[in-house]
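Structure first, then comments.
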Amino acid sequence: MLVDLSAISYLVHWVLVCNKFQVSMFCTTTPFDAALTQLCSYSPYTISPPYSALISVLLLCLSQVHQTTSMSAPTFAGLLPALPPGIKIILGSSSPRRAEILRTACIPFEAIPTRFDEATIRHTKFSIPPTQYVTDSATLKARDVLSQLPKKTPIPTTYLVIGSDTVVDLNGVVLEKPNSDAEATEMLESLSGETHQVHTGVAIFKYTSDSSGADSIAQIASLAPVRAFAESSTVKFADLNSADVAAYVASGEPLDKAGGYGIQASGGQFVTSIEGCFYNVMGLPMHKVSRALSEIIASI
């Protein structure tokens, strides 16, 4: 029996994500013993059709592979190499969605929330392009997290700090997170039946601490990001009626999301098409971030 191990890995992950299970510890590099154990922990009765039938097939394939070979699944090389000792990736955000994206990509990281107040630069969104606005915001967020890092470490440690910001751009009008149900309703009504863009700015800083901590504060203040960019995706919304909007706003989901909706959650029902990176709309462009990290690490 020929079995495509990597294909089964992807299918397992897809099935669990579609059914909203927590899969942060599972990825395509997970040994198949662990994959089988995790998959078996989900009863087919808790998984919605038609996925339950697929789960049964996957369990059969995995169990046969498990019984006929002691080899683990081939490691997915991906874009990001294994982190060398002394390098840490820091996500400068408290966003569960950005953390989920990095976990899905199997990128090891620690999360440190930024303290930067976006209101301090909000006035600039009227005078600069939205892509510049989100890149500037991402840079300032990451710089704040840099200031929270240890100034001294027993051994030299290189930190790669990721800052990010996402906005919705409707015909040049920047929509951030709504502050109230009324504002969320207004945003969703303006997006109804329209095509808009989602811009995510990313800034990555590299900082190395050591046992001396000499000039570390001045060093941080003068650092520029080693990578700073913005990714844009185009999203088309369906025509929404007042009941659609009212029900969604009542769910509470819009209040912590740019533009008042989450494409990865129930707000995805409003989206008829997307051009560009899905993860960018979700909050972090997976491919470009992975590529940037890979290139930075290769240069260290």
Considering only the stretch 159-172, I want to know if a residue exists there that is of a type in the set (Gly, Ala, Ser), out of contact with any Leu (no Cβ under 7 Å at 6 or more places or on another chain), in the same structural domain as Leu284 (by TED's automatic domain parsing) and not in a helix (DSSP H, G or I). yes
In the stretch 109-164, anything under 22 Å from the mean Cα position of the chain (by Cα) and small (Gly, Ala, Ser) is listed as Ala111, Ser137, Ala138, Ala142, Gly163, Ser164
With the checklist (1) assigned to a helix (DSSP H, G or I); (2) modelled with pLDDT under 85 in hand, flag the one item Arg103 doesn't pass. (2)
Can you tell me which residue among Tyr159, Tyr133 is surrounded by fewer than 23 Cβ atoms within 10 Å (Cβ to Cβ) and of a type in the set (Phe, Trp, Tyr)? Tyr159
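Taking Gly259, is it in contact with a His (Cβ under 9 Å, 6 or more places away or on another chain) and not acidic (Asp, Glu)?
For Gly259, the condition - in contact with a His (Cβ under 9 Å, 6 or more places away or on another chain) and not acidic (Asp, Glu) - is met.
In this structure, is Lys177 basic (Lys, Arg) and assigned to a helix (DSSP H, G or I)? Even if it seems obvious, please write down each step before you answer.
On the way: basic (Lys, Arg): yes; assigned to a helix (DSSP H, G or I): no.
Here the answer is no, as Lys177 does not meet what is asked.
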Quick check on the stretch 137-155. Is at least one of its residues farther than 30 Å from Val173 by Cβ, among the basic types (Lys, Arg), part of a helix (DSSP H, G or I) and touching a Ser or Thr at 6+ places or on another chain (Cβ under 7 Å)? no
Among (1) touching a Cys at 6+ places or on another chain (Cβ under 9 Å); (2) of a type in the set (Gly, Ala, Ser); (3) at pLDDT below 95, where does Ser233 come up short? (3)
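Check every one of the helices (runs of 4 or more DSSP H) wholly within the stretch 183-300 and list those with 2 or more residues that are under 18 Å from Thr139 (Cα atoms).
216-222, 286-299
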From the options Ala138, Ala119, Ala184, residue that is in the same structural domain as Ser294 (by TED's automatic domain parsing), of a type outside the set (D, E, K, R) and closer than 30 Å to Ser209 by Cα: Ala138
Single unsatisfied condition, Ile204 versus (1) farther than 18 Å from Thr166 by Cα; (2) in contact with a Lys or Arg (Cβ under 6 Å, 6 or more places away or on another chain); (3) modelled with pLDDT of 95 or more: (1)
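Filter the stretch 267-300 down to the residues that are of a type in the set (D, E, K, R) and more than 17 Å from the chain's Cα centre (by Cα), then identify the one that is surrounded by the fewest Cβ atoms within 10 Å (Cβ to Cβ).
Glu275
The values are calculated or read from the model by the stated rules, or taken from the named source; none is laboratory data. Predicted, not measured: the structure shown is a model, and the values here were computed from it. Using ideal geometry, Cβ is built from the backbone for each residue, glycine included, and neighbour counts are taken over all protein chains shown.
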